[in-house]
Structure formats: structure tokens, C-alpha cells
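Mind having a look at this structure? Questions to follow.
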Amino acid sequence: MNVTLRGRTGHFRTVSFDAARNSVQLIEQRLLPHAFKIIGTKNFRETAQAITDMVVRGAGAIGATAAYGLAQGARAFRGSDLKKFSAHTDLVFKMLAEARPTAVDPVNAMNDVRRKMLAGKTVAERQFLALAAAEEFANEDARHCEEIGRHGAKLIRNGMNILTHCNAGWLAFVDTGSATAPMYAAQAQGKKFHVFCDETRPRSQGATLTAWELAQQNISHQIIADNAAGHLMQRGEIDLVIVGSDRVLGRTGEVANKIGTYTKAVLAARHKIPFYVAIPLSTIDWNLKRGFDIPIEEREESEVLGAWGIISNPKSKIHNSKLNQRAYIRVANPTSSARNPGFDVTPAELITGIITPVGIFKPKELWKKLHPRITAGM
Ligand code: MRU
């Protein structure tokens, strides 16, 4: 996506690879929107840590990061013994897969890389194929998001108010985003609309990342507190909901997404507001049989007990070295603890449609209509 910084506009991908340095390049998302910085990981362990620590986050983005991380690990192997090489890449795969458990994209992406890599007969060939496959996954992720935009734009009419949750924008993918793709495509078609970004506590990806992306793109938007959506729906101020997902079950149509999505889907159903989920194909899990079995990440309680932000007081003339630095503020009662599930699962019947790169499906149609096309190679 294009980013304008101090009056200069450039195109950036969320994730890319520096082959000469064997390094995964990532936009440091924890600093946004206060600072824009790209960091490089030195090895696959650092890449896995960057996923866990949410330097990079969002299903497609961590999918591409894991794919590049697997290639990075494969390329770091020295020697020509194929058995030892396989054992090494298995270890790399495991570490990257365990970095964050809920999104299925990293596992799907790495399975792709591993399958394509096996066509090589020597270690050197497999190393070469691993990087080519990771690049292919990243390019496909960007392409899929563009296609989601093409299909989803028809849901957006002039004058609509759209609600989105968390960040399924370009920072959550390699480029363009899933939930935001229809918005960009509708904007390009000249449609006028307004977006409400759920703040999305505890990490506030809606207030920090989605709002920053929409501002960069000059899309009319406002941040709302997580508890405000019901009120706005009741007053007829929300016409459409579009969210992303970290894992959609192809067999049942259930959708895992950022905590709070289920609540919004219940509210949307109560107010008869269409509720759509936008995903690339790498977000579909064709194996799991029930949403209850989706691993739900439990994160540190500090995320709920406080908040990260920037200390700034534009009115103050007093020099303070802490101003404009990112800081953690404890909000909650000092002796209380917290529970912090990162995701929830929305049942199929609350979802109007799943916007994919190959069309919009009812959640329960995925298995009958899309799975045969996938197994036949589209
Ligand atoms: O914890 P995060 O920020 O990695 O969560 C991912 C998300 O931002 C949302 O769940 C999003 O809607 C799906 S990722 C495209």
C-alpha cells in the first residue's frame, strides 16, 4: 500500500525478504501509528519471535512471514545431507507454527513451501525452491486481497456506514488487506461511505492500525469504543459489517476472528444488518470438524490490565524526555488479575457471506461449492 510520511509517498509491503542478507523484512507494527520503521530478522528464531511478539500480526501477514521464515531457516542450513536438512526444516516449521496458534495461514503457507521444496533433489535445489515458494505465497496473498476487493465492492453502496473490527487491512496481509479491500475498490469506483473502526481492546488494532490505514487512504472513518456498536446499530447508523478472519472452517463455515467479533455478529443479526467475512483462500481450514476445536490463543494479562500508547502533551512547554515515547500505562486495579482470550468463534448462521478471491459464498456452501474447485486445482 502507499504510505505518506512527511509529505513523501512510497509503496510498501508488510512483509518482504532480503535474499542477500537472508532476512525477513517486517514493518514494526507495534510502533504504528506513532512511528514507521522496517526491521529485519537475522534468523528463523528471530522471525518466530517477531510473530509471537506481534511485531508482525494478522493472518495473511504471519502466513507470509512463516513462509519466508521457513525459507530463511532452510537457506541457513550448511551441508548436503538431505536427511539432516529435512530434520532441520522440520524443526524450523514447528517453531514457526507454534509462534501463534489460532491463525491457520502460517501452517497452510508453510505446507505449501514444504511441498514445493520437495521437488528439489539436492539441498541447494530445495533451498532455492523454498524461497521461490515463499515469494509465490506472498504474491498470491496480495493478489487474493485484490480479488476480494473486486467481489466485495458490490456490497458497498453510496452513503453506507460500515463497521469493521480489529485490523484486517493491508498490515494484516502482504498488501491491500481483506476486510478493507472492498472499501478501497469501492473508493476507486467513486463511492462515498464512512467506516466505523472498533477500537478492539486489548491491543487496540482498530484504533491504531485500521484507523491509520484508512487515514493514509483518505477514507472517511471514526474510531468507536468496543461497546458502542450496539447503540449505533439500534439507531440505524450501521448498514454493513465487514471483518477478517484468522481461520474459517471449510466444513462448517465457523469463523475464528479477533475477540469481540462474535458479539458484533450477534448484534448484527439482532438488527438484521448484513455481516460479511473477507478472507484469502489460505485462511480456510479444510480439516477441523468443529469450531470448538480451534486453538484459541490466551495472551498475557498485562494487555487487559493496561494499555500501550504514546505519552504526549502538545500543550506542555516543559521539556520531558519521556514525551513522544511509547509507554505502557497500568489502568486496572493493582491487585486484580485478568483473563485474555485473543479470539472467538462465530457460528455460520450469524454470517451473511464469506468474501473470497473467487466469489462470495454462504458459510455453509464452502465445503460443497469451493472445496471441489480447490481439490481440482481451481
Ligand atoms: O491478534 P492479531 O492482531 O494478529 O489478530 C488478527 C486480526 O487482526 C484479526 O483477527 C483480523 O480480523 C483477522 S487477520 C486478517
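The values are calculated or read from the model by the stated rules, or taken from the named source; none is laboratory data. Predicted, not measured: the structure shown is a model, and the values here were computed from it. Cβ: placed from backbone, ideal geometry, glycine included. Neighbour counts: every protein chain shown. For the accessible areas, the whole protein counts, side chains as well, though only heavy atoms, and no ligand, DNA or RNA atoms are used. Shrake-Rupley method; radii C 1.70, N 1.55, O 1.52, S 1.80 Å.
Express the carbon and sulfur contribution to the solvent-accessible surface of the chain as a percent, rounded to the nearest whole number, probe 1.4 angstrom.
52
For the chain, what does the relative contact order come out to in percent, with C-alpha contacts under 8 Å and a separation of six or more?
Relative contact order here is 15 percent.
Ok, one more. Where only protein heavy atoms count, and the probe is 1.4 Å, what is the accessible area per residue for the chain in Å²?
On a per-residue basis, 46 Å².
Tell me the net charge near A228. Cut-off is 15 Å between Cβ atoms, A228 excluded, with +1 for each Lys or Arg and -1 for each Asp or Glu.
Spelling it out: positives minus negatives among the neighbours equals -1.
Moving to a separate point now. Please arrange F128, F85, F77 by accessible surface area, largest first, computed with a 1.4 Å probe and ligands excluded.
Order by accessible area, largest first: F128, F77, F85.
Could you pull out the GluC sites (Glu not before Pro) across the stretch 153-243 that fall in loop regions by DSSP (anything but H, G, I, E, B) with no more than 15 other Cβ atoms inside 10 Å?
Counting only loop positions with at most 15 other Cβ atoms within 10 Å, the GluC sites (Glu not before Pro) in the stretch 153-243 are E237.
What order do you get for 48-60, 287-299 when each peptide is scored by the mean count of other beta carbon atoms within 10 Å, highest first?
48-60, 287-299
Put +1 on the Cβ of each Lys and Arg and -1 on the Cβ of each Asp and Glu in the chain; which of I224, W212, V92 then has its Cα farthest toward the positive end of the dipole?
So the residue we want is W212.
Can you list, largest first and rounded to whole Å, the semi-axes you get for the stretch 2-146 by taking the square root of 5 times each eigenvalue of its Cα gyration tensor?
27, 15, 14
With the cut-off at 1.5 for a/c, could you classify the stretch 160-261 from its C-alpha gyration tensor as rounded, prolate or oblate?
rounded
Take the alpha carbon gyration tensor of the chain, find the square roots of its eigenvalues, order them as a ≥ b ≥ c, and report rounded if a/c is under 1.5; if not, report prolate when a/b exceeds b/c, else oblate.
Judged from the Cα gyration tensor, the chain comes out oblate (a/c at least 1.5, b/c at or above a/b).
When only C-alpha pairs under 8 Å and at least 6 residues apart count, what is the relative contact order of the stretch 2-146, in percent?
20
Can I ask one more? If you plug each phi of the stretch 194-203 into the Karplus form 6.51 cos²θ - 1.76 cosθ + 1.60 with θ = phi - 60°, what whole-Hz ³J(HN,Hα) values come out, in order, with x for Gly and Pro?
Listing the rounded values in order: 10, 10, 9, 9, 4, 3, 6, 5, x, 9 Hz.
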